[in-house]
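The values are calculated or read from the model by the stated rules, or taken from the named source; none is laboratory data. Note that the coordinates shown come from a computational prediction; the quantities given were computed from them, not determined experimentally. Ideal geometry is used to build each Cβ from the backbone, glycine not excepted, and the neighbour counts take in all protein chains shown.
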Amino acid sequence: MPRFELGTSPTRTERATRLRHTPKPGHRVASVLRAVLFDVDFTLARPGPELGPDGYVRAGERHGLRLDPDRYEAARHAARADLRRHPELEHDDEIWFRFTERIVRGMGGEADSAYDCAVEITRAWERHENFEIYEDVPDALTAIRAAGLRIGLVSNSARDVREFARHHGLEVDAGISSFHHGRTKPHASIFRAVLDLLGVESDEAVMVGDTIADDIEGARALGMRAILVDRAGVHREFEPRIETLNELPPLLGL
Ligand SMILES: [Mg+2]
């Protein structure tokens, strides 16, 4: 095993070796990688225009609200700062209705209908056709399957992620959303549920996601390996980290 000094940047081969063979404390023999779990939103798929500022404006019109698309980013940023998880990590639609209502009001929709407008927008996040799959996804999944690894999806959302994968032509072996499971990432039980469906142990799987607290820390708490997908390049200190899924198969040593 190569040694890694703090502050040095390991080569791709060294990182792949480390990912595949990181020994668990108490385990003398490193476990083999058998499955890759993916987060969905901002890892495999991005929300399309209907879920962005123009979609808000159109939803606002249906509720008698004139929303200013130029205020969307600031309103979303402010709502994000106020967002609190459910204390028991239970899936709770109401959290997202209130979050979206804050954005609607922040875009100028200060009226009683702001809540109903927010419910309609939140429901639009349940529609598969409102998302676009990133271009790098099909090849990455094909490479993973070709290497004989299983693929699972684990999503904090109200979508049926198996149906979502089918809709977008992605072949996966298992998938669970927080709505159907009841708990959200980073709760251990939602990761465990997908691992059980795949028939693999936590140290035989790697989690790939864009949210450090939910995807990375949640997975690592179970003994899974985890890789951050940092598409916007905002977590440059984080390791291991990739900016596109094109980097994933080589990082896994596939
Ligand atoms: Mg995500």
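So for the stretch 180-189 (the condition being more than 23 Å from residue 86 (Cβ to Cβ) and not in a helix (DSSP H, G or I)), does at least one residue qualify?
Looking only at the stretch 180-189, we keep the residues that are more than 23 Å from residue 86 (Cβ to Cβ), and these are none.
Checking the stretch 180-189: not a single residue is more than 23 Å from residue 86 (Cβ to Cβ) and not in a helix (DSSP H, G or I).
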With in the same structural domain as residue 39 (by TED's automatic domain parsing), within 16 Å of residue 36 (Cβ to Cβ), more than 13 Å from the ligand (Cβ to nearest atom) and touching a Pro at 6+ places or on another chain (Cβ under 9 Å) as the only criterion, which of 225, 145 stands out? 225
Could you check how many residues of the stretch 59-84 are exposed (fewer than 13 other Cβ atoms within 10 Å of the Cβ) and closer than 15 Å to residue 123 by Cβ? 1
Every listed condition ((1) assigned to a loop (DSSP other than H, G, I, E, B); (2) under 19 Å from residue 160 (Cβ atoms)) holds for residue 85 save (2)
Close pairs (6 angstrom Cβ cut-off, 6 or more residues apart or separate chains): closer than 10 Å to residue 37 by Cα in the stretch 196-213, part of a helix (DSSP H, G or I) and within 16 Å of the ligand (Cβ to nearest atom) anywhere: 207/215; 207/219; 209/215
With respect to residue 58, is the statement that it is more than 16 Å from the ligand (Cβ to nearest atom), at pLDDT below 95, on the phi < 0 side of the Ramachandran plot and not acidic (Asp, Glu) true? no
Does any residue of the stretch 88-105 turn out to be touching a residue at least 60 places away in the same chain (Cβ under 8 Å) and within 24 Å of residue 169 (Cβ to Cβ)? no
